[in-house]
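Any read-out appearing in this document is the output of simple, stated calculations on the displayed coordinates, not a laboratory observation. These figures come from a predicted structure and were not determined experimentally. Please note: Cβ atoms are built from the backbone with ideal geometry, for glycine as well, and neighbour counts cover all protein chains shown.
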């Protein structure tokens with residue numbers, strides 16, 4: 001090593017580059033080279049040498065049936081994410097009237113493609129013994145193969161029009177769609193249910209690729225490269241620091257040692273004695289721990305493993321209900337525009353259909369009559385399906401109207417009579433302002449539907465409607481007044497409102513009222529607190545008679561249309577039917593019954609017969 005001697009000074013200046021610096025620089029270059037190699041290996045494994053991320057299999061069925069099925073539990077064995085490519089094109093015989101299986105068979109063709117999926121139990125119930133092709137994955141090769149199951153019928157209704165599916169995609173000529181399905185779902189490919197299903201399609205699976213090893217190479221390479229760069233930068237920093245030191249001022253001449261008195265306090269040992277001292281101190285706790293009392297290990301109490309509770313099967317899923325309510329809303333919008341009662345009957349039944357039919361009749365007589373609220377398409381606030389695998393099935397839902405945020409929420413009950421029938425709205429009521437819905441189960445768990453005459457509640461449904469009718473007529477004088485919470489329906493048509501009406505028209509007419517239970521069966525669905533949501537109807541008959549002999553009662557509006565009389569000397573009876581939604585608490589509860597919502601309509605009017 002070269003030594004620089006400065007005349008007049010007894011010391012030497014250090015060189016700017018030392019062997020340590022050269023060693024550091026060499027190590028940094030080695031680390032950087034290793035980093036480049038690791039990064040290259042990782043990138044190559046992630047790109048050039050990476051296995052394929054997809055796997056595609058195609059199939060051409062020689063004699064396709066009207067339906068082709070693929071069970072998710074089978075195709076998921078390759079990968080859970082699939083991409084289907086289906087080419088349309090089918091020829092065959094179809095009924096001249098698809099809704100009439102006794103109509104004549106005619107030649108037809110179509111390029112339509114339908115791909116739908118739903119829960120396997122529901123799909124098989126909808127197929128109901130029809131002929132179908134089942135496509136499965138060959139375990140050894142991964143290829144697709146088909147097997148036919150011959151049923152009692154070769155044709156089925158149009159799958160795209162059914163409520164049984166959770167999702168339906170329809171296209172012409174060619175269809176592509178990707179799905180990720182649970183194992184208990186089935187995918188169906190069809191044309192229209194009459195013609196054979198598309199014969200050719202392919203399935204592409206997205207294969208998850210394990211990138212753990214190449215990612216580790218890249219990560220380690222980046223880490224080693226960072227260390228190499230750090231060492232190289234540190235070496236440059238040290239060299240520059242020494243160079244600045246050589247170019248600066250000369251250091252001061254060394255001074256002799258100063259005399260200092262010896263400290264009276266003991267000093268810590270230095271050098272190797274420090275290490276011995278530290279080691280000795282570190283051993284103290286270890287030695288002392290050997291003198292401590294032996295501990296007792298807690299023996300865990302064995303716990304018997306418990307199987308998870310089976311989730312009950314429910315009538316619909318949330319995604320499926322979104323499709324159902326959207327389709328029902330669209331159908332009803334068309335039916336309302338044209339006042340098509342037959343079309344409305346495809347989505348309404350029971351009290352809801354009765355109210356709509358009368359509204360159409362009144363609207364036909366006058367555009368100012370026959371008001372009815374829109375069946376909204378969503379958003380859906382609440383879905384409470386019945387817990388059942390059988391049919392008929394029921395659902396309770398609360399739906400808002402996105403097109404009219406100021407409109408009240410609508411509570412609906414829907415019933416599906418069989419797998420191939422669509423859900424129909426049986427009750428439709430507007431909720432009370434600021435109503436509080438009792439706590440109910442989630443859509444995944446559903447709720448039990450109780451019998452109309454159940455005695456598991458504070459009051460039976462029939463007792464509720466009879467007592468509420470007595471309250472409407474008698475008001476606070478009713479013996480059942482304390483059993484019901486206050487509501488807006490009592491304010492509008494209760495005893496006080498009736499008394500005011502009788503006072504206003506009492507000079508020329510006599511009024512009487514009667515309450516009767518409606519003809520539609522109550523809908524009862526359990527809540528989480530052992531109470532129930534109860535929907536039913538009652539009919540209020542208002543009879544008006546002339547007070548003086550020889551005078552007549554004049555009619556107008558809806559009463560005139562339904563009665564067909566403009567006046568009557570004997571009197572007129574108008575019948576109003578109310579759809580009411582109650583919350584009935586559990587048995588033994590002191591909580592009052594609450595009205596959650598209602599809707600009403602004039603359903604009948606007639607002149608009284610002569611005595």
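If you look at the Cα atoms of the range 429-542, you get an Rg and a Dmax of 16.6, 59 Å. In plain terms, the chain from residue 451 to residue 99 could stretch by 123.3 nm, reckoned as 0.36 nm per residue minus the Cα-Cα distance. Computed from the C-beta positions of residue 87 and residue 121, the FRET efficiency with R₀ = 41 Å rounds to 0.85. On full extension, the segment bounded by residue 566 and residue 40 gains 179.8 nm, given 0.36 nm per residue less the C-alpha separation. Fully extending the segment from residue 366 to residue 143, taken as 0.36 nm per residue of separation minus the present Cα-Cα distance, adds 73.7 nm.
Helix 318-338 and the longest principal axis of the Cα set of the chain meet at an angle near 40°. Note on residue 604 and residue 242: the model spin-label points, each 7 Å out from Cα along the C-beta direction, lie 11.3 nm apart. Size check on the range 161-216: the Cα extents along the three principal axes, sorted descending, read 56, 24, 15 Å. On a 0 to 90° scale, report how tilted helix 495-505 is relative to the longest principal axis of the chain, with both axes built from alpha carbons and the result rounded to the nearest 10. Once rounded, one gets 40 degrees.
Distances between every pair of Cα atoms in the range 38-193, grouped in 5 Å steps from 0 to the bin holding the largest one, split as 2, 8, 16, 20, 19, 13, 7, 5, 4, 3, 2, 1, 1, 0, 0 percent. The mean sequence separation of alpha-carbon pairs under 8 Å and at least six residues apart, normalised by the residue count of the range 467-611, gives a relative contact order of 22 percent. Shown is the FRET efficiency for residue 417 and residue 512, computed with R0 = 35 Å from the Cβ-Cβ distance and rounded to the nearest 0.05: 0.30.
Take every Cα pair under 8 Å whose residues are at least 6 apart in sequence, average their separation, divide by the length of the chain, and the relative contact order is 11 percent. Can you compute the modelled spin-label distance between residue 333 and residue 470, with each label point 7 Å from Cα toward Cβ, in nm? A separation of 4.7 nm, rounded to one decimal place.
If the viscosity is 1.567 mPa s and the temperature 4 °C, what translational diffusion coefficient in µm²/s does Stokes-Einstein give for the range 461-607 when Rh comes from Kirkwood over Cα pairs?
Taking Rh from Cα pairs, D becomes 78 µm²/s.
Using Cβ contacts closer than 10 Å as the measure, can you line up 547, 354 from fewest to most?
Ascending number of Cβ neighbours within 10 Å: 547, 354.
Largest first, the extents of the alpha carbon coordinates of the range 351-471 on the three principal axes equal 46, 39, 33 Å. For the range 543-611, the extents of the C-alpha atoms along the principal axes are 55, 23, 15 Å, listed from largest to smallest. Under the criterion of Cα pairs below 8 Å and six or more residues apart, the relative contact order for the range 54-206 equals 48 percent. Computed from Cα atoms, the angle from the helix 461-474 axis to the main principal axis of the chain rounds to 60 degrees.
For the chain, what is the convex hull volume of its Cα atoms per residue in Å³?
412 Å³
FRET efficiency for the residue 229 to residue 388 pair, using the beta carbon distance and R₀ = 41 Å, is estimated at 0.05.
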